[in-house]
Amino acid sequence: MDDVWPMVHAERAALLADLESLEDSQWQRDSLCAGWTVHDVAAHLVDTALTTRVGFMLGLARARFDFDRQNDRGVERHRGATPRQTLTRLREVATRTSTPPGSLDSRIVEEVVHGEDIRRPLGLVRAYPAAAVDRALLYQTRTSAAMGGAKDRVAGLRLEATDHDLLHGDGALVRGTALDLLLAVSGRQSALADLTGPGVSRLAQTPA
């Protein structure tokens with residue numbers, strides 16, 4: 001797992017570079033993460049970068065074990081009064097290595113998926129390292145929904161990346177880029193339009 005943090009830090013640096021160029025109005029654009037703006041997602045990334053294992057459990061208990069409530073409270077806590085303030089906060093935590101409970105690979109999922117939550121609505125494109133995307137996708141496919149993964153969603157599906165040497169599972173075929181597969185299994189409905197195969201309709205009907 002020694003290579004996880006360099007991947008995470010590289011993604012944080014790349015997102016910071018993209019956010020630097022945004023106008024304030026763009027921060028208010030709806031992200032791919034339902035109910036959150038671009039600004040909200042950036043604040044969430046500040047929150048998760050600061051979260052420790054103990055802090056996560058304490059926060060979850062205070063939120064009465066409601067993950068959505070806990071996340072919303074984290075956004076409220078770390079969203080600055082202005083986009084510039086939130087950007088400064090994100091820059092200050094960019095090289096941290098604290099983490100909530102669970103596999104460190106979940107940190108790669110966090111950075112790549114939320115990076116696209118921000119970039120896609122704004123028309124921004126990043127050429128993600130294949131190793132980061134593949135690792136995030138494989139983590140999602142082996143992790144249960146209860147732990148924030150997609151194992152349940154992809155059961156009975158065969159995922160085939162068209163741009164990487166990656167094939168997972170058996171059953172109805174779903175084909176697309178590794179990044180689009182990652183977003184789709186992570187519940188981003190807009191990514192389904194870029195996938196092909198008889199398994200796409202089933203994936204679309206399976207709750208995230």
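Using alpha carbons only, how many degrees (0 to 90, rounded to 10) separate the axis of helix 4-20 from the longest principal axis of the chain?
The angle comes out near 70 degrees.
Calculate the length of the line joining the C-alpha centroid of segment 1-49 to that of segment 181-208, in whole Å.
23
Between Q205 and L166, how many nm apart are label points set 7 Å from Cα along the C-beta direction?
Taking the simple label geometry, Q205 and L166 are separated by 2.6 nm.
Just how many % of Cα pairs in segment 4-102 lie over 22 Å apart, if you round to the nearest whole percent?
Roughly 29 percent, rounded to a whole number.
For the chain, count all C-alpha to C-alpha pairs, find those more than 31 Å apart, and express that count as a whole percent of the total.
17
Read the figures in this text as sums done on the coordinates, not as results from a lab. Since the model is a prediction, treat every value here as computed from it, not as a measurement. Heads up, the Cβs are rebuilt from the backbone with ideal geometry, glycines too, and the neighbour counts pull from every protein chain shown.
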